[in-house]
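The values are calculated or read from the model by the stated rules, or taken from the named source; none is laboratory data. Small disclaimer: the values here were computed from a predicted structure and weren't measured. In this analysis, Cβ positions are derived from the backbone assuming ideal geometry, glycine residues included, and neighbour counts consider all displayed protein chains. All accessible areas refer to the heavy atoms of the entire protein, side chains included, with ligands and DNA or RNA removed. Shrake-Rupley method; radii C 1.70, N 1.55, O 1.52, S 1.80 Å.
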Amino acid sequence: MLEREHVLTPLGITDMALGRIKPWMTGRLATPMDAAGAYFDIISSGRLADADGSWSAADDLLTTVDAYARFLVGVIRSDHLSRRWIDERTRILSSLEGDPIWNCVAGGELVCATHYGHGLGWMVYRFDHRTVVKHGGNDKGENALAIYSPETGNGAVIFVNGGNGVLVSTQILGMIGDQPQIAAYYRQLVKKFYAVDLPDPRRL
């Protein structure tokens, strides 16, 4: 496949697959847990059980934290990309300002990005002197978050195997402290959709 030839193999990544259980995963997959604290089999968590052979580029990437961290390092370094493509990757193609879900409402300690929206597969947030690029996903038993800043070269990969994982991921992001604006923004989203008022962990 093209992604293995042009992306994964050059980065030395072997532990990554899309939508299918592979032999290397035996004994290495985290057990999903729903919001009520009940564990369930990973096959029943999403499209993995599909019998029609269908694929989704936006669902059920199976990987390890180490492998995804290697991928993120490759994205940050971008050794194989021209300046034009690096800039293209952080260009906002579809704005989310005013969106009923993602809209940022400044107030208190929250400073909204000047522009934010979808780029080429990632969400892009532009602040006055920094761009933050983020990708993530979650379902009833897993939560994943990858985030980095092209200007600083700093990033993080956060995996949580729980139905309430977005709450944990948001707090971890705040504890890392490298992206305080995004952490505050996600605390706002958590308050809006989960009715949970998460404290800033840097102030605890």
- Task: Determine whether Asp139 is among the acidic types (Asp, Glu), under 13 Å from the mean Cα position of the chain (by Cα) and surrounded by 15 or more Cβ atoms within 10 Å (Cβ to Cβ).
- Result: yes
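Return the only residue of Tyr125, Tyr186, Tyr116 being without any contact (Cβ under 8 Å) to a residue 24 or more places away in the chain and of a type in the set (Ser, Thr, Tyr). Give the derivation first.
Working: Tyr125 fails: without any contact (Cβ under 8 Å) to a residue 24 or more places away in the chain; Tyr116 fails: without any contact (Cβ under 8 Å) to a residue 24 or more places away in the chain.
After applying the criteria, what remains is Tyr186.
Being open to solvent by 70 Å² or more (accessible area, probe 1.4 Å) and either of a type in the set (A, V, I, L, M, F, W, C) or in a helix (DSSP H, G or I) (or both) is the filter here, so list the residues in region 116-125 that pass it.
Narrowing region 116-125 to residues open to solvent by 70 Å² or more (accessible area, probe 1.4 Å): 118, 120.
Answer for region 116-125, where residues must be open to solvent by 70 Å² or more (accessible area, probe 1.4 Å) and either of a type in the set (A, V, I, L, M, F, W, C) or in a helix (DSSP H, G or I) (or both): just Leu120.
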- Lys134 fails exactly one of the following numbered conditions: (1) surrounded by 17 or more Cβ atoms within 10 Å (Cβ to Cβ); (2) assigned to a helix (DSSP H, G or I); (3) basic (Lys, Arg). What is the number of that condition? (2)
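Can you find a residue that is part of a helix (DSSP H, G or I) and buried (at least 16 other Cβ atoms within 10 Å of the Cβ) anywhere in region 145-162?
Just the residues of region 145-162 that are part of a helix (DSSP H, G or I), to begin with: none.
No, region 145-162 has no match at all.
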- Please verify whether region 87-100 includes one or more residues that are touching a residue at least 24 places away in the same chain (Cβ under 8 Å), open to solvent by less than 20 Å² (accessible area, probe 1.4 Å) and either more than 21 Å from Leu8 (Cβ to Cβ) or assigned to a loop (DSSP other than H, G, I, E, B) (or both). yes
- Considering each of Gly165, Gly108 in turn, give the residue that is free of Cβ contacts under 8 Å to residues at least 40 places away in the same chain, open to solvent by less than 50 Å² (accessible area, probe 1.4 Å) and out of contact with any helix residue (DSSP H, G or I) (no Cβ under 7 Å at 6 or more places or on another chain). Gly165
- Note on the structure: Given the conditions (1) part of a loop (DSSP other than H, G, I, E, B); (2) open to solvent by less than 50 Å² (accessible area, probe 1.4 Å); (3) under 27 Å from Arg70 (Cβ atoms); (4) hydrophobic (A, V, I, L, M, F, W, C), every one holds for Ala113 apart from (3)
- Query: When Trp24 is evaluated against the numbered criteria (1) modelled with pLDDT of 80 or more; (2) more than 25 Å from Ser149 (Cβ to Cβ); (3) not in a helix (DSSP H, G or I), which criterion, by number, is the only one it fails?
  - Reply: (3)
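Scan region 129-147 for residues that are more than 23 Å from Asp60 (Cβ to Cβ) and in contact with a strand residue (DSSP E or B) (Cβ under 7 Å, 6 or more places away or on another chain) and jot them down.
Step one: list which residues in region 129-147 are more than 23 Å from Asp60 (Cβ to Cβ), which gives 129-132.
Of everything in region 129-147, those that are more than 23 Å from Asp60 (Cβ to Cβ) and in contact with a strand residue (DSSP E or B) (Cβ under 7 Å, 6 or more places away or on another chain) turn out to be Thr131, Val132.
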- Looking at Leu72, Leu11, which one is at pLDDT 85 or above, assigned to a loop (DSSP other than H, G, I, E, B) and of a type in the set (A, V, I, L, M, F, W, C)? Leu11
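Can you report the number of residues in region 80-126 which are of a type in the set (S, T, N, Q) and under 17 Å from Arg187 (Cβ atoms)? So that I can check it myself, show each step before the final result.
Initially, region 80-126 is screened for residues of a type in the set (S, T, N, Q), giving 82, 90, 94-95, 103, 114.
Those still in the list that are under 17 Å from Arg187 (Cβ atoms) too: 103.
Going through region 80-126 one residue at a time, the tally reaches 1.
Across region 43-62, which residue is modelled with the lowest pLDDT among those that are outside any loop (DSSP other than H, G, I, E, B) and open to solvent by 30 Å² or more (accessible area, probe 1.4 Å)?
Just the residues of region 43-62 that are outside any loop (DSSP other than H, G, I, E, B), to begin with: 43-45, 47-49, 61-62.
Right, trim to open to solvent by 30 Å² or more (accessible area, probe 1.4 Å) and you get 43-44, 47, 49, 61.
Numbers: Ile43: 66, Ser44: 64, Arg47: 53, Ala49: 47, Leu61: 82.
The residue in question is Ala49.
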